[in-house]
Each structure stands twice: as structure tokens, then as C-alpha cells.
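What follows is calculated from the coordinates using simple rules that are stated; it is not laboratory data. Computed from a predicted model, the values in this text were never measured in an experiment. Heads up, the Cβs are rebuilt from the backbone with ideal geometry, glycines too, and the neighbour counts pull from every protein chain shown.
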Amino acid sequence: MTLKSKSQVVYDYIETLVISGEIKPGERLPSEARLGEILKVSRVSVRAGIEKLSAIGLISKKKGGGSYVNRPNHENYLSVFTPTLLHNTDFLELLEIRRALDTLSVQLCAKNITDAGLRKLHEITDAMESAQDQNEFFNLDKKFHLLISKYSKNRFLHNIQLIIWDVIQKSQRISYNKVAKPVVYRVEEHHQILHAITHKDQDLARIYTVRHLEKIIDTFVCEYNEGKDVKPLKEN
């Protein structure tokens, strides 16, 4: 088991206080001296942990006045939560959560999408056909699924999907690239999902989306994560 650095102990402790609501947005953190006493670490470690939290926008330091919890807004929403997930999540967990959330997203999208949204999705799948490399395909894949979540018309669901794809992009690209092969099959799966959305068939959109994610999960488990017991969802 890898031991946490002392600055990470400080980071995790303060983050827990904020997430639990023990320290609310706008409130001041305990002093560096007090944090050092509580966690039995040096003030150097406390400062390092606070610097990390400040860098992601969770807290702000005021000269001569301590550190305060920031009030979340649209600009810092992802930057606050993504770093925590980067060191606490593996690719299989992301796939499992995508399997659940993408299913909901696509059903709502099939119900709510506009003609303009359909045109955008068609442009993305057309571009997938001629993607030159894995990086280009990743960017198109990300746009496709995030556009679906956007047209779910559920902002909370869309924000969660933004976080998931941010984590995949920043820490899980190697795993993603492995299971995204062969690209030709993945493109066809996207065409099937789009076909169902175009015809506003929520049930078929759900089935194609579950099938799409199940194939990715099966590939990951069988080829790159042997030994993990993952039971696929059964299609209705």
C-alpha cells in the first residue's frame, strides 16, 4: 500500500471538510498552525496541501488573512472536483458509471433533441468515418456523448458527464485507446445510436447504448483487466 505524502493528507482532510459541509463556501479554514496540530504534520506540509487546493480553485488565500473556501461557479466547477477523481478512480469504474448514465442521457436526448442537435450529431459521426488517428477519434467520441447529455436537457446529468470525460481525458487515455479499437466497429455503434435518436426511439437508443458500453467493458475486462468479475447488464 502506497503511503500518502503529508501534503496529500492535508489536501484530503480539507477537501473532506468542504465536501461534508463542515466548512462552507465563504468560511475560513483553520489556521496553518491548527491544521498542523490536528494532522501532526509540519506547517510546510500544510502550506503545500493548501497550495494544491488553491491551484484547483477550491480555496483562496488572502494575504495576512488566512485561507477561505471558494463559492463554486460554472468556471471552477470541473477544476474543483476533477483532481479528486483523478487519483481515486480506475477505468473500469468509469465505464460502469458511464453504462448507467449514458443510458439515461440517450433516452432523454431521444425525447428532447432538436433538429439542430441532430445535424450536429450527424456531422460528428460523419467525421468519425475519416478520423486520422486515435486522438481525433477520442475528441469526436467525447463530443458525441457530451452532445447527447447536453440534449438530455438535464443540466445536472450533463455536468456529471463533463466531469467523467474530463477524468478520462486527463488520466485514462491509455486505457481508452486500447478499448477503442477497432475504430470501424465503434463508428458503426455510434451510427446505430444516432439512428435511434433520429427516430426518437428511446427504447432502441437505450439498447444500442447499453450494447455499446457492454462491448467496451467486455474488451477491457477480457483483454486488459483479467481476473475482475464484472457482470454485464442484460438487455430487456
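Pairs over the 22 Å Cα-Cα cut-off, from the set Lys6/Lys61; Lys52/Lys153; Lys142/Lys178; Lys40/Lys170: Lys52/Lys153; Lys40/Lys170.
What net charge is computed for the residues neighbouring Val167, neighbours being all others with C-beta under 12 Å from the C-beta of Val167, Lys and Arg scored +1, Asp and Glu -1? In short, +1.
Label-to-label distance, Leu146 versus Arg173, with points set 7 angstrom from Cα along the beta-carbon direction: 1.4 nm.
In a DSSP loop and with at most 15 other Cβ atoms within 10 Å, the trypsin sites (Lys or Arg not before Pro) in the stretch 127-214 are Lys153, Lys200. Modelled spin-label separation between Glu136 and Ser31, with each label point placed 7 Å from Cα along the Cα-to-Cβ direction: 6.0 nm. The charge dipole of the stretch 6-71, taken about the Cα centre with unit charges on the Cβ atoms of Lys, Arg (+1) and Asp, Glu (-1), comes to about 260 debye, rounded to the nearest 20.
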